[in-house]
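The values are calculated or read from the model by the stated rules, or taken from the named source; none is laboratory data. Keep in mind that this is a model prediction, so the values were computed, not measured. Using ideal geometry, Cβ is built from the backbone for each residue, glycine included, and neighbour counts are taken over all protein chains shown. Quick note on the areas: whole protein, heavy atoms, side chains included, nothing else; ligands and nucleic acids left out. Shrake-Rupley method; radii C 1.70, N 1.55, O 1.52, S 1.80 Å.
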Amino acid sequence: MQQRDHRWIMQKAWLGYYAKRDGESLYHWMGHTLDVAAVTRVYLKRHHRLLAGLSSNLRCNDADVVDWLVWASMRHDLGKLTHSFQRMLTEGDTAEYKVPHDSLGYIAWRRFFSGTVPSDRRQTADLLIACATGHHGKPPSAAHNNRPVELVPRLACEADIQSMREQLAVLDLVHPPPVCPIEAAAVRKTSWWIAGCITVCDWLGSNIEWFPYRTFQDVKEHWSDALERAEVAVEEAQLIQSPLRAPTTIKGFNPHWEASPLQRVVENLPAGEPCCVTIEDSMGAGKTEAALTLCGKLIEAGVADRVFWALPTVATSSSLFVRLSDYCPDAMRTLAHSFPIKLHAEHATPWLLGDNRRRLFAALSAGTVDQVMLAGMYSRYSVLRLLALVGSILVFDEIHAADGYMLTIIETVVEMHAQCGGSVVFLSATLPIKIKTRLREAWLRGTGRQEPIDPSPKHYPLVSHDTRFSTNYLTVPRLGQKRSVHIAECTDVDEILATLVDKSRHGQCAAWVCTTVREAVQRYQALRLELGDDALLFHSRFVADHRSEVEAKVLSIFGKQSKELARQGKVLIATQVIEQSLDLDFDFMVSDPAPIDLLLQRMGRLQRHDRGERAEPTFCLYTPVDDDGWDITAKYVYEGYLPHCWLSV
């Protein structure tokens, strides 16, 4: 019988150091470390786009990237080999556990082990350890309460440090230390995605369904078992999926559809490299289908694999998600926003659906824009969101709705996305040139392009197409038909309510877009006394389940597929939730004062679809004559934008 190499034998002393607990069951540190390292190895080798992006940014080959990240992941929980953590985990004693284990691991590495790495690789190793130990959503810190942390015996005793030495030595047998030096500056630039990679691998490696608590006598046997389990985990979690299959032409949606002028322009765009495309056209011009065909072309060309569609509100993201699901019925698809609404259109593994941050890994995901913005903020697990977006095309719908604060964050996300080879699409009917230029320049900075872009022509409609090396502007022929809207003005709430009652009794459907929820509720209650069930209310503060029911009802009555009998005489009192992206159609509309671009969006919901002969569309603007006519909270909604409100004009 062949004798075991004693260096690979799991030492009894090591089994006394634990990393995980599930009820009364404890799992030793070595086992968990090998599980996470195995997932890191498998994930990187399967995620070709991520690996290529890391190799390009780190300026080394794929094998060296895998070697370095697996080596770093084997040290991600180094801080758990400390007296303070072990007492907390095994006995529930938190008296000494004041410094979290991620920071303890980083401090221990810098003090006891950094010097063991050859000088030409030491700085790289230190940065990668910072990425690995920062797997709990934020970077590790060498300070606590603004004071440097010393590894005194109550935190980590000498026996702990000796155990670290012994177990790291065995891990070096499993996976020898990398020998290829990487520039520290390149590691810093790529650190966000490296930290995100090790974080998601830790999440998978900690799942007891795929990695149950187990003990092997031989470390090598555990490593082999962990690699097999990692293959299963990555496959069943669907962390990496087949590229999204989306229509590449308008005929791909429906053979009987004819492309609009805008859609024909987008169909002919080149799709052989990452790009930034800005699509500007009026409401109802088919921007959604145009953008999705562009995404389909980019994915077909191998430029991207997935799509994330960002919208300004929960209502618009939920509605568009159902629409996109109809266009891509075979895709792994998720809805991501902060409101806990579950839609039957979602199709993904339980692991992906278990957390908003994981939902971004789906082949097709739609959600509120904040889910993307969190990737560019100092927020916990921002690195995980950035990682999830690798290989995705970011579509920012109704981008004009972003205020100055949001715009700055979106610029950061766009720049970082471009840095990793990502493409972006901006959609708007009312996008100011200054904002468009800022967004395009952010993407171009991420690609490394230095020369300034050519000034955008003042044409409308317009498609702007940027790549790292070129910029093109394509004018869109205007649709042959012209639309006119009658503008009316009213200063009295009671008069407007009477008008809405009259429109209802003459069989028309109408809406009033209010600035605040309080105003909407008050006006709805007054209208309901006259119209009963023909008056409806829609705003953002409904309880989750009720809100989804109300939204579905609004779409069924006022949406594109609504029937004349269902629409007849209905009046909707709503807030800004209906002004963008929802495909609603009214005969008559009232609006509170708002910035002019938002008023144009609201007008776009007037007689949006062909329903035969109808009276002239009328847009009535409520213009209170003095401060008494304003809800006090309304002034805060558009604070800073009041000079651009219709009332001021």
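Laid out as a table, the results:
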{"read-out": "Residue match in the range 273-281 (condition: closer than 30 Å to His76 by Cα, open to solvent by less than 20 Å² (accessible area, probe 1.4 Å) and within 27 Å of the chain's Cα centre (by Cα))", "value": "no"}
{"read-out": "Pair list, Cβ < 7 Å and 6+ apart or interchain, from the range 175-190 residues that are outside any loop (DSSP other than H, G, I, E, B) to residues that are open to solvent by 80 Å² or more (accessible area, probe 1.4 Å)", "value": "Ala184/Gln123; Ala186/Arg59"}
{"read-out": "From Ser325, Ser365, residue being closer than 13 Å to Phe308 by Cα, buried (at least 19 other Cβ atoms within 10 Å of the Cβ) and more than 16 Å from the chain's Cα centre (by Cα)", "value": "Ser325"}
{"read-out": "Some residue of the range 114-124 being among the aliphatic types (A, V, I, L, M) and touching a Phe, Trp or Tyr at 6+ places or on another chain (Cβ under 7 Å)", "value": "no"}
{"read-out": "Which listed residue is in contact with a helix residue (DSSP H, G or I) (Cβ under 8 Å, 6 or more places away or on another chain), buried (at least 20 other Cβ atoms within 10 Å of the Cβ) and modelled with pLDDT under 90, from Val99, Val149, Val70", "value": "Val99"}
{"read-out": "Residue check, Arg438 part of a loop (DSSP other than H, G, I, E, B), among the basic types (Lys, Arg) and surrounded by 15 or more Cβ atoms within 10 Å (Cβ to Cβ)", "value": "no"}
{"read-out": "Every residue from the range 390-424 that is of a type in the set (Val, Ile, Thr) and farther than 23 Å from His48 by Cα", "value": "Ile399, Thr408, Ile409, Ile410, Thr412"}
{"read-out": "The range 175-196, residues that are surrounded by fewer than 19 Cβ atoms within 10 Å (Cβ to Cβ) and hydrophobic (A, V, I, L, M, F, W, C)", "value": "Val179, Cys180, Ala184, Ala185, Ala186"}
{"read-out": "Residue match in the range 74-95 (condition: open to solvent by less than 10 Å² (accessible area, probe 1.4 Å), under 30 Å from Gly302 (Cβ atoms) and of a type in the set (A, V, I, L, M, F, W, C))", "value": "no"}
{"read-out": "Residue match in the range 210-223 (condition: within 13 Å of Ala37 (Cβ to Cβ) and not in a helix (DSSP H, G or I))", "value": "yes"}
{"read-out": "For Thr447: the one exception among (1) modelled with pLDDT under 95; (2) out of contact with any Lys or Arg (no Cβ under 7 Å at 6 or more places or on another chain); (3) of a type in the set (Val, Ile, Thr); (4) open to solvent by 20 Å² or more (accessible area, probe 1.4 Å)", "value": "(2)"}
{"read-out": "Sole residue being assigned to a helix (DSSP H, G or I), modelled with pLDDT of 90 or more, within 29 Å of the chain's Cα centre (by Cα) and of a type outside the set (Asp, Glu), chosen from Gly105, Gly53", "value": "Gly53"}
{"read-out": "Any hit, the range 202-212, residues being out of contact with any Ser or Thr (no Cβ under 9 Å at 6 or more places or on another chain), among the polar types (S, T, N, Q), more than 16 Å from Arg41 (Cβ to Cβ) and loosely packed, with under 15 Cβ neighbours inside 10 Å", "value": "no"}
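Yes/no matrix, rows are residues, columns are (1) part of a helix (DSSP H, G or I); (2) open to solvent by 30 Å² or more (accessible area, probe 1.4 Å); (3) modelled with pLDDT of 90 or more; (4) of a type in the set (A, V, I, L, M, F, W, C):
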site	(1), (2), (3), (4)
Gly302	no, yes, yes, no
Trp309	no, no, yes, yes
Ala315	yes, no, no, yes
Ser319	yes, no, no, no
Lys342	no, yes, no, no
